Amino acid sequence: MTDMDGLLLIPHLRVQNANVTSGPLSWGFPSPTAFLGFAHALERKLRDLWDLQFTGVAIVCHHFEPLTTQPNRRRHQVFNLMRHPVRAGYRKWQDKDAALIEEGRAHMEISLLLETEGDFDDEADEFLEMLSETVLGMRLAGGSILPSRGAGSKPLWQVWWDEEAQNLASFRKLRRQLLPGFALVHRPDLLTERLNKLREHSPDTNTLDALMDLSALHVEPEANEQGKIHWQYRRSPGWIVPLPIGYSGLSALYPPGEVANTRDSTTPFRFVESLYSLGQWISPHRIHHPHHLMWRYQTDEHNGLYLCANDYTTTLNRE
């Protein structure tokens, strides 16, 4: 756990056309990297006037609407395709239609709970007003942020005191703002448990096999007392999802400017690939401490690992 001065709640952000294809193997809710990147960009925009740092981000989803269509009942859902404007030629008959680009998009409504270092008690109202204006000018997971609606859409600042009992009582009141909704947490323990179980029958099973087994829809036979076979779905241990959690290096770390056409010529560069793990959606009312929700960066530059992880464990949340 990290020391913090307070919790900053940005409730019910409406995001339009967010990217839902953040990994090469799956699509769905954006990766935690998108939300940690948003928090980092917000911190940099506010840092000129306020001495603050966001050390953790909790992600809660209230509504998720993927932009898909189903051509007919026999086919699976496909993304709604977007067409760019017509490319104009020298003469009118030379105009050409732009190519269709398959992009996964979704509309969603989320709340972010930020673990904050910085004291704003004396100027909290001014800070929250500037925060609201700044957020509306940013993008989240490639989507546009729209003004929130309703009385509970204003940011809230909760001071974190030295008294633990007082803090937890304040958090119980704050988490009511996250309902109804589901919080995203990291569950590598479920992935390890399934991997060990599969290796009892097949020793060559790897972690990707375990992830696919947990993510797939299984229909299995089961016999009743009379010996009659019934087909039923295998129930997963909770609402679990495959989740891109970061990147692994594929190359050495190149000095700044050595690789052509990079976004930043002053930062070292490395080729990477996506890393997957297992996430779970849980109701915020089951969380008894904000540290269990927080996603943070975990960097191991020597081994080329750039990950996002949080502190949620089943044991801690049974306390």
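Things to note:
- Contour minus Cα-Cα distance for residue 226 and residue 207 (0.36 nm per residue): 3.0 nm
- Straightening the chain between residue 117 and residue 298 buys 63.3 nm, computed as 0.36 nm per residue apart minus the Cα-Cα spacing.
- Here the peptides 294-305, 212-223 are ranked by packing, the mean other Cβ count within 10 Å, and the order with the highest first is 294-305, 212-223.
- Carbon + sulfur, % of accessible area of the chain - ligands and nucleic acids excluded, 1.4 Å: 49
- Treating each Cα of the stretch 1-75 as an identical point scatterer and summing with the Debye formula, the log10 of I(q)/I(0) at q = 0.25 Å⁻¹ comes to -1.34.
- Rounded to 0.05, the FRET efficiency of the residue 25 and residue 270 pair, given R0 = 25 Å and the Cβ-Cβ distance, is 0.75.
- Label assignment, Rg and Dmax of the Cα atoms in Å derived from the structure, set (1) 39.4, 124; (2) 21.1, 67; (3) 22.8, 78: (3)
- If R0 equals 51 Å, the separation of the Cβ atoms of residue 252 and residue 45 corresponds to a calculated FRET efficiency of about 0.95.
- When only alpha carbons are used to place a centre, the stretch 1-64 and the stretch 172-193 end up 15 Å from one another.
- Relative contact order (%) - criterion: Cα under 8 Å, at least six apart; region: the chain: 22
- Most fluctuating residue given options 182, 38, 79, as computed from a GNM of the chain linking Cα atoms under 10 Å: 79
- Potential lengthening between residue 260 and residue 233 on full extension [0.36 nm per residue; Cα-Cα distance subtracted]: 4.7 nm
- Kyte-Doolittle at least 0.0, axis length at least 20 Å by Cα - qualifying DSSP helices, the chain: 32-46
- Taking the Cα centre of the chain as origin and assigning +1 to Lys and Arg Cβ atoms and -1 to Asp and Glu Cβ atoms, the resulting dipole is close to 2060 debye.
- Per residue, the solvent-accessible area of the chain (1.4 Å probe, heavy atoms of protein chains only, all protein chains present) comes to 61 Å².
The values are calculated or read from the model by the stated rules, or taken from the named source; none is laboratory data. The model shown is predicted, which means the values in this text are computed figures rather than measured ones. Methodologically, a virtual Cβ is constructed for each residue, glycine included, from the backbone with ideal geometry; neighbour enumeration extends over all protein chains shown. These accessible areas exclude ligands, DNA and RNA; they are computed on the full protein's heavy atoms, side chains included. Shrake-Rupley method; radii C 1.70, N 1.55, O 1.52, S 1.80 Å.
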